[in-house]
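J.: This is the structure I want to talk about, given as C-alpha cells.
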Amino acid sequence: MKTKYLKLKNWLLVSVMGALGLSSCHSNKQLAEPEEQQPPRIREREEMRLMYGVPTMNYRLSGRVKDAKGRPVKDVKVNLLEHGIEATPDTVYGDPGRVREYLENTAVSTDRDGRFELNGSGRPFPEVRVLVRDVDGHANGQFRNQLLEIQVTPDDVDRANAEGWNQGTFSKELEVKLESK
C-alpha cells in the first residue's frame, strides 16, 4: 500500500513539474504599454521568447595541404577535433578504441590537389583544432603530423543564418605546409 502511494505521489509531482517547466518556455506577453506609448526600440520587439538549449555554431574549414616545396600532398587525413579530445601532433589521448573510431569516422582525405573541406557543428569556442595526419606510409612521402589551433574571430563568423541558439557559421581557408620526417 505504501509503495503504491509513493508511486502515485511521484507520478503527480513529475507531471506537475513537467507541465510548469514546459509552460515557461514561451510567453506571449508584451513587454510594454500599447504601441503609441512605447519607445522606438521596444516597438521592434513585441514578444520575449525563452528557450532551453545550448548555443551552437557551424564550422566550415577548407584549404590545401602542401609539402615544404609547395607541391600538393594527396591522401592526408584531416580531422576537426572535438573539444575535450586532448592531442599532440603524434598522440590523441583517451580510450584507444573510441579515439581510433572517432578519427576514422570524422577524417576527410585530401584530393590530388591537396584540397580538403571539413564541416561540423558544435558549441562555439574561441578556437578550433585541426589534426593533419600522414597515414599512407611511403606512398606520397613521409610527413610529420600537425595540430593546428585556429582562433575564431568575429570577422570569420557569418551570422546571416544565425537564429535561436545557432550563432552562425565559422569559415576559414587554411594553407598547411607539412614537414618531411
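J.: R0 = 30 Å: FRET efficiency of Val16 with Ile85, Cβ-based, nearest 0.05?
T.: Calculated value: 0.15.
J.: Have a look at Asn140, Gly114, Pro124 and report the one farthest towards the positive end of the charge dipole of the stretch 56-177, computed about the Cα centre with Cβ charges (Lys/Arg +1, Asp/Glu -1).
T.: Of the options given, the answer is Asn140.
J.: Along the stretch 117-126, what does the Karplus equation 6.51 cos²θ - 1.76 cosθ + 1.60 (θ = phi - 60°) give for ³J(HN,Hα), rounded to whole Hz, x for Gly and Pro?
T.: Values per residue, Gly and Pro as x: 9, 10, 10, x, 8, x, 5, x, 10, x Hz.
J.: A follow-up question, please. Which lysines, on any chain, are close to Lys74 with Cα under 27 Å apart, when same-chain ones fewer than 8 places away are left out?
T.: Answer for Lys74, where 27 Å is the Cα cut-off: Lys66, Lys172, Lys177, Lys181, listed by chain and number.
Only the coordinates and a few stated rules stand behind these numbers; no lab work does. Only a predicted model underlies this, so the values are computations on that prediction, with no experimental measurement involved. Please note: Cβ atoms are built from the backbone with ideal geometry, for glycine as well, and neighbour counts cover all protein chains shown.
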